[in-house]
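Written out below as structure tokens is the structure these notes cover.
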């Protein structure tokens with residue numbers, strides 16, 4: 001299934017039904033009085049999260065959603081039928097935005113969470129409601145109000161605890177696949193990963209976390225080059241980022257140069273994302289001697305403050321177990337700090 005993470009839809013709530021002007025007409029009751037009923041309320045439009053969905057592709061082809069209008073009132077004090085609501089189902093993690101005002105209406109973060117995006121029109125009043133001691137035969141009613149109508153922008157942002165970033169073909173997908181149940185594609189060419197992919201990492205029973213793999217970032221990504229910048233938003237909900245670096249890069253640049261390129265593009269895209277906790281993951285140590293690795297790390301330390309870094313080999317799973325345990329402990333500690 002094609003991964004679609006953005007779309008714009010038009011939602012229209014139902015109009016309220018009109019009130020009725022009617023008078024009771026029965027044999028032997030010449031002046032029965034007013035008996036016009038009220039109209040029915042218009043239907044509402046809701047957006048609801050569903051954990052069975054993982055893409056917005058269905059909403060790419062159906063763009064307009066109309067709730068049912070309320071029915072008009074009728075004689076004998078009969079109230080019009082209320083219009084039926086409609087519910088639009090989206091994946092968990094979808095952000096709902098008013099396209100015209102850019103106002104964030106809400107974030108759908110758990111299963112069956114609902115947001116009202118268009119309120120149905122109010123019902124009109126029948127002439128019975130205008131009967132008074134001084135006006136026994138009112139010939140007045142009101143029309144139902146118009147239901148709300150607006151364009152809604154939907155943005156799917158994946159829910160992950162840990163996110164990966166780095167240049168293309170540095171081993172992000174290999175890392176995610178080696179530590180999780182992800183079936184992400186692995187191949188020896190750039191941009192193997194075309195869409196964000198989630199994997200679940202299990203440390204022990206009932207001890208898991210979610211990791212996200214996104215396409216690689218290249219120089220000029222902030223200006224639209226490559227694929228990675230489009231999917232960087234999927235790292236916004238992550239609590240920590242893993243910057244994966246190839247110690248023997250295929251572009252023949254020094255690893256420090258590749259690190260700088262990614263960090264510059266990340267900062268241009270979002271200062272908030274740039275300031276997230278970030279660990280450096282030095283991958284493919286199995287391809288270099290211990291001396292070469294040490295020299296590269298010393299070069300990096302001269303330019304960048306390395307508070308937390310790991311040596312791994314995604315293919316041979318060297319160092320990945322310790323990395324996973326440290327990630328789980330960090331996430332657990334962060335969660336406890338938020339609670340306290």
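Every read-out reported here was derived from the displayed coordinates using simple, explicitly stated rules and does not represent laboratory data. A quick note: this is a predicted structure, and the numbers were derived from the prediction, not measured. Ideal geometry is used to build each Cβ from the backbone, glycine not excepted, and the neighbour counts take in all protein chains shown.
Structure data summary
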{"quantity": "0 to 90° range, to nearest 10: angle between helix 320-339 axis and the chain longest Cα axis", "calculated": "40"}
{"quantity": "For peptides 322-328, 5-11, 44-50, sequence by mean Cβ density within 10 Å, most packed first", "calculated": "44-50, 5-11, 322-328"}
{"quantity": "Mean shadow area of the chain over all directions, Cα convex hull, nm²", "calculated": "24.5"}
{"quantity": "Packing-based exposure ordering (other Cβ within 10 Å, fewest first) of 110, 89", "calculated": "110, 89"}
{"quantity": "Three-way shape call for the range 1-156 based on the alpha-carbon gyration tensor, with the a/c threshold at 1.5", "calculated": "prolate"}
{"quantity": "Where the Cα pairs of the range 246-340 fall when distances are cut into 10 Å bins, in %", "calculated": "13, 39, 35, 11, 1"}
{"quantity": "Stokes-Einstein D (µm²/s) once Rh is taken as the Kirkwood radius of the range 1-75 over alpha-carbon pairs, at 37 °C in 0.692 mPa s", "calculated": "206"}
{"quantity": "The chain, relative contact order [Cα under 8 Å, separation at least 6], %", "calculated": "15"}
{"quantity": "Debye log10 I(q)/I(0) at q = 0.19, 0.29 Å⁻¹ for the range 117-184, Cα point scatterers", "calculated": "-0.87, -1.22"}
{"quantity": "Computed [θ] at 222 nm, helices only, for the chain once each DSSP H run of length n ≥ 4 contributes -39500 (n - 2.57)", "calculated": "-6000 deg cm²/dmol"}
{"quantity": "Normalised contact order of the range 1-156, rounded percent, pairs of Cα under 8 Å and 6 or more residues apart", "calculated": "36"}
{"quantity": "Gyration tensor verdict on the range 83-126 (Cα atoms; rounded if a/c is under 1.5, prolate if a/b is larger than b/c, oblate otherwise)", "calculated": "oblate"}
